[in-house]
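Input: a single structure, listed below in structure tokens.
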Amino acid sequence: MSTTWLPCGKYHETYTQDHAWWQTTFIRGKMIALFAVLFVGIPLLADDYGLSICNNVGYTVLGALGVQLLIGYCGQITLGHAAFLAVGAYTSTLMILEFPWPQALLDWGLAYPISILVAAVVAGIWSVFFGLPSAKVKGFYLILTTMAAQFITVDFIITQYVSQIGGRGQAFSLPVGTIKVGPWVIDSDLKVYFMMLVLSIFLIAVMVNLLRSRVGRAWVAIRDNDISASVMGINVFGYKLLAFFVAGFIGGIAGAFWISNLAAISPEHFPWSWSLWLVGVILIGGVGSIHGTVFGSIFMVVVIEALQLVIMQFVDTSWGSRLFMDFLFIKEAAFGLVICAFMIFEPNGIAYRWWQAKNYFNLWPFSY
Amino acid sequence: MSIQSRGTKAFAFLFAVALIFGLSSWAGAAQINIGALNDMTGATSDVGKDYALGIAEAFHYINDTGGINGKQIKLYQFDYGYRIPEALTKYKLFKRLKCVAIQGWGTGDTEALAPTVAKDQIPYVSASYSGHLTNPEKTPYNLFISADYSTQSRGLITAWYDNKWPKKQDFGKRKPRIAMCYMFASPFSSASIKAAKDQAEMLGFEIGDDQDVSLFAIDTKSQILALKEFKPDVVLHTNTVMSVAATLRDAYSLGLGADHIIKNWGFDENLPKLAGEAAEGAMGCAPWAFFGEDVPMMDKVVEYAKKYNPGVPLEKRTIHTVQAWANVLGMAEALKRADAAGDLSGPSILKNGFETMRDFTIGLGVAPITFTSEDHRALSIARVYEYTQGEFKLLDTVDLQKRWPEKYANEWIGW
């Protein structure tokens, strides 16, 4: 059932109405305002640093969406998602550097967009490969098999073999001008920001649409009780693999996007800790919520930046430099405590608080 | 909680954020802003913390002794925990703060940022001494006051070949055997492997299979057992000290019987503490003096360590503090020269500052440094120490430029 609060006397009469996007004028207004802020406000007001933080948030959103799909909607715990980001990043990079592109495609700026698509498909297929054990194992055992994805993909295949292609050593650098989308060379934070925005909105829309389709309902059924789902006639294994494919597909796009931000990659950019970090994002944001993925990403990136900026103000004081040195460790500890605190006091994450706040205003003055 | 108190809290939060961002953007008139990226909590924090302390102390020294021709330096120093995405945002923050130059850290982020740094024309003095950063045609704004990793590795192999190989039983009967231990996935660890193999081939070594040793390794027995089949005479290590110490311990306990040569980040005062007896005879490259050695400027290094970080005992300070001082003193000299030329922009700091240095001496046991517009290798000399009987003793000094002038000038730059 839709969770949108409609004006008194208005009712949904069809299933389509119940699942429609932006059901009231107020919601449409809010969304237009949000788009105005994202596409006009931030680009006008933010400097390179601000845009860089936004791009970091976007990269985290793109990375965490797949994790949210697997853990939050399909109940398949994963701790190896950075591997699929790496597959996407390396596929895209190698295609740009090594593929004999026809000159026309290069001139039209289609090489990078095509490489993103191929990267997504390759990462999706690679993810399915590591989803195969989900037919037999779940819970902690599945965690271990997904961790294997990290070690086999990044530490072994990419490090030992893929990184050696072209004899460049470990780090691949993309020459200026090679990352081009149509007529635009992606060579500034602003252009990266717009690309991030388009990709994030597109993938969030795809995810939301999938989740309100037959496929999404099957995933949720598997998450809630896979035996019941099987009894209802859902092809549990097939849908699990589809979830792995879609998660890998989105991860591949995230990885391919990352190279536009940095124009260089090495296996060091995809450590196992990044997989763990992405799980932290959805835990803090809210498991089983697309909003939660975005809120968690904003929280994880912005909080660290804010803490650093707070420290910076006190470095010149007599006690400040000492605080600076000690605070680094406090910062890490504080971050761990925040995750613990969310688990204990708000296991539904920031998304639940957002929902409560929205309800408070939507139902005002009768919000009791 | 009342709505009023919520409102007050929200206001306080917004005010704090506004204050932070407002203050961050402020910059005084007679001050020069410098950014510093350090790793004090991440993968390379075992050596990064001491380096970070050294950076802060050295800038205090510069300011206390008149700054840059009277202008004070404002240092913005951040720990990025060796997380590449965070390094990127910090770099953008430095740009917002109008930093004229940056003190960077690791190979991963320095190499990744190199194209951006070149585009923005901001001199970037790193603690990564990767040879890939020394060709101004490719990375014009990357610099450091050290022998690059490739020069270090070539020097180490040469020093072992000159000093140790002739004393071995099999000398003259067969080729010497060398193997290399490093983290394959790390651009830092693997930066000089190509150069090391080239040098080994040139000197007639037989080269064994590389061993993948993580920067976080605490057990390397499987790698040592693999090495035992090859029976190397010498093993080159290019990881940081904790990983190198673990490898040396396992090599000692499993009786590998090879000598060990170590790049600078794996060869410091902590190595004997961590590896114990296994460190005896280990050789490493140190382009600077060890902390507390009797060389010019070391008294200042020790004095400022005591003054600004009294909580860190002097016996725990290492050569990495000295490295940081070398990078800061080199940058300060470039800033002074650029300022004297009346232009403190990035291109001026490079052209009127760094690239005017010819055999410039900063003390700290560092050989005279030279930068030109064609070559950013500050030093061609690898100073090789041996740890023996509880002391680091200078074993040999290999000057690659003097020994192989043609190859050094034309073939070895940039890798």
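Considering only residues that are more than 25 Å from A:Leu6 (Cα to Cα) and modelled with pLDDT of 85 or more, look in region A:343-368 and name the one that is surrounded by the most Cβ atoms within 10 Å (Cβ to Cβ). It would help to see each step written out before you state the result.
In the first step, residues of region A:343-368 are kept if they are more than 25 Å from A:Leu6 (Cα to Cα); the result is A:343-347, A:349.
Restricting the remaining residues to those that are modelled with pLDDT of 85 or more gives A:344-347, A:349.
Working: A:Ile344: 8, A:Phe345: 7, A:Glu346: 14, A:Pro347: 11, A:Gly349: 26.
Looking at residues that are more than 25 Å from A:Leu6 (Cα to Cα) and modelled with pLDDT of 85 or more, I get A:Gly349.
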Yes or no: region B:124-141 includes at least one residue that is outside any helix (DSSP H, G or I) and not assigned by TED's automatic domain parsing to the domain that holds B:Gly42.
no
Looking only at region B:88-108, which residues are more than 9 Å from chain A (Cβ to nearest Cβ) and surrounded by 24 or more Cβ atoms within 10 Å (Cβ to Cβ)?
B:Ala101, B:Ile102, B:Gln103, B:Gly104, B:Trp105
Among the candidates B:Gly292, B:Gly330, single out the residue that is on the phi > 0 side of the Ramachandran plot and not polar (S, T, N, Q).
B:Gly292
Specify which of the listed residues (B:Lys300, B:Lys351, B:Lys307, B:Lys336) is at negative phi and at pLDDT below 95.
B:Lys307
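Going by what's in this entry, would B:Ala332 be described as within 21 Å of B:Ile413 (Cα to Cα) and either crowded, with 24+ Cβ neighbours inside 10 Å or touching a strand residue (DSSP E or B) at 6+ places or on another chain (Cβ under 9 Å) (or both)? Show your work before the answer.
On the way: within 21 Å of B:Ile413 (Cα to Cα): no; either crowded, with 24+ Cβ neighbours inside 10 Å or touching a strand residue (DSSP E or B) at 6+ places or on another chain (Cβ under 9 Å) (or both): yes.
Judged against the criteria, B:Ala332 is not a match.
Yes or no: B:Ile193 within 14 Å of chain A (Cβ to nearest Cβ) and surrounded by fewer than 24 Cβ atoms within 10 Å (Cβ to Cβ)?
Details: within 14 Å of chain A (Cβ to nearest Cβ): yes; surrounded by fewer than 24 Cβ atoms within 10 Å (Cβ to Cβ): yes.
Yes: the conditions hold for B:Ile193.
One line per residue, one yes/no per condition, for (1) among the small types (Gly, Ala, Ser); (2) modelled with pLDDT of 90 or more; (3) over 27 Å from B:Arg383 (Cβ atoms):
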| residue | (1), (2), (3) |
| --- | --- |
| B:Val100 | no, yes, yes |
| B:Thr107 | no, no, no |
| B:Val125 | no, yes, no |
| B:Gly155 | yes, yes, no |
| B:Tyr161 | no, yes, no |
Condition test on B:Val244, is it crowded, with 24+ Cβ neighbours inside 10 Å and closer than 17 Å to B:Ile157 by Cβ?
yes
Filter region B:40-56 down to residues that are more than 10 Å from chain A (Cβ to nearest Cβ) and in contact with a helix residue (DSSP H, G or I) (Cβ under 7 Å, 6 or more places away or on another chain), then give me how many there are.
6
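Can A:Val192 be described as within 13 Å of chain B (Cβ to nearest Cβ), of a type in the set (A, V, I, L, M, F, W, C) and part of a helix (DSSP H, G or I)?
Working: within 13 Å of chain B (Cβ to nearest Cβ): yes; of a type in the set (A, V, I, L, M, F, W, C): yes; part of a helix (DSSP H, G or I): yes.
When the stated conditions are applied, A:Val192 passes them.
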Over region B:245-278, the set of residues within 17 Å of B:Ala179 (Cβ to Cβ), without any contact (Cβ under 8 Å) to a residue 40 or more places away in the chain and within 23 Å of the chain's Cα centre (by Cα) is B:Ala246, B:Leu248, B:His260, B:Gly266
If only one of B:Ser146, B:Ser128 is farther than 13 Å from B:His376 by Cα and not hydrophobic (A, V, I, L, M, F, W, C), which one is it?
B:Ser128
Limited to region A:259-275, what total is found for residues that are under 18 Å from A:Ser297 (Cα atoms), more than 8 Å from chain B (Cβ to nearest Cβ) and part of a helix (DSSP H, G or I)?
4
Residues located in region B:37-77, provided they are assigned to a helix (DSSP H, G or I) and without any contact (Cβ under 8 Å) to a residue 24 or more places away in the chain:
B:Lys49, B:Asn63, B:Asp64
Are any residues in region A:45-57 buried (at least 23 other Cβ atoms within 10 Å of the Cβ) and more than 11 Å from chain B (Cβ to nearest Cβ), and if so, which ones?
none
The residue from A:Ile179, A:Ile116, A:Ile152 that alone is within 14 Å of another protein chain (Cβ to nearest Cβ), buried (at least 18 other Cβ atoms within 10 Å of the Cβ), under 26 Å from A:Val67 (Cβ atoms) and β-branched (Val, Ile, Thr) is A:Ile179
Assuming B:Ile319 fulfils every condition listed in (1) surrounded by fewer than 23 Cβ atoms within 10 Å (Cβ to Cβ); (2) without any contact (Cβ under 8 Å) to a residue 60 or more places away in the chain apart from one, which condition is it?
(1)
Here the qualifying pairs (Cβ atoms under 6 Å; residues six or more apart or on different chains; first in region B:157-176 and in the same structural domain as B:Ala200 (by TED's automatic domain parsing); second β-branched (Val, Ile, Thr)) come out as B:Thr158/B:Val398; B:Ala159/B:Val384; B:Ala159/B:Val398; B:Trp160/B:Val234; B:Trp160/B:Ile261
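Conditions tested, residue by residue: (1) out of contact with any helix residue (DSSP H, G or I) (no Cβ under 6 Å at 6 or more places or on another chain); (2) in contact (Cβ under 8 Å) with a residue 40 or more places away in the chain.
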{"position": "A:Leu105", "(1), (2)": "no, no"}
{"position": "A:Leu110", "(1), (2)": "yes, yes"}
{"position": "A:Val137", "(1), (2)": "yes, no"}
{"position": "A:Tyr141", "(1), (2)": "yes, no"}
{"position": "A:Phe151", "(1), (2)": "yes, yes"}
{"position": "A:Val162", "(1), (2)": "no, yes"}
{"position": "A:Val198", "(1), (2)": "yes, no"}
{"position": "A:Ser213", "(1), (2)": "yes, no"}
{"position": "A:Gly216", "(1), (2)": "no, yes"}
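Is it true that A:Ser230 is more than 20 Å from A:Ala83 (Cα to Cα) and of a type in the set (Ser, Thr, Tyr)?
Values: more than 20 Å from A:Ala83 (Cα to Cα): yes; of a type in the set (Ser, Thr, Tyr): yes.
So A:Ser230 fits the description; yes.
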May I ask you to list the residues in region B:182-225 that are at pLDDT 90 or above, under 20 Å from A:Phe156 (Cα atoms) and in a helix (DSSP H, G or I)?
B:Ile193, B:Lys194, B:Lys221, B:Ser222, B:Gln223, B:Ile224, B:Leu225
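Report whether or not B:Thr134 is within 11 Å of another protein chain (Cβ to nearest Cβ), among the polar types (S, T, N, Q) and surrounded by 23 or more Cβ atoms within 10 Å (Cβ to Cβ). Spell out how you get there, then give the answer.
Working: within 11 Å of another protein chain (Cβ to nearest Cβ): no; among the polar types (S, T, N, Q): yes; surrounded by 23 or more Cβ atoms within 10 Å (Cβ to Cβ): yes.
The answer is no for B:Thr134.
The values are calculated or read from the model by the stated rules, or taken from the named source; none is laboratory data. Every value quoted in this text rests on a predicted model; they were computed, and no experiment measured them. Please note: Cβ atoms are built from the backbone with ideal geometry, for glycine as well, and neighbour counts cover all protein chains shown.
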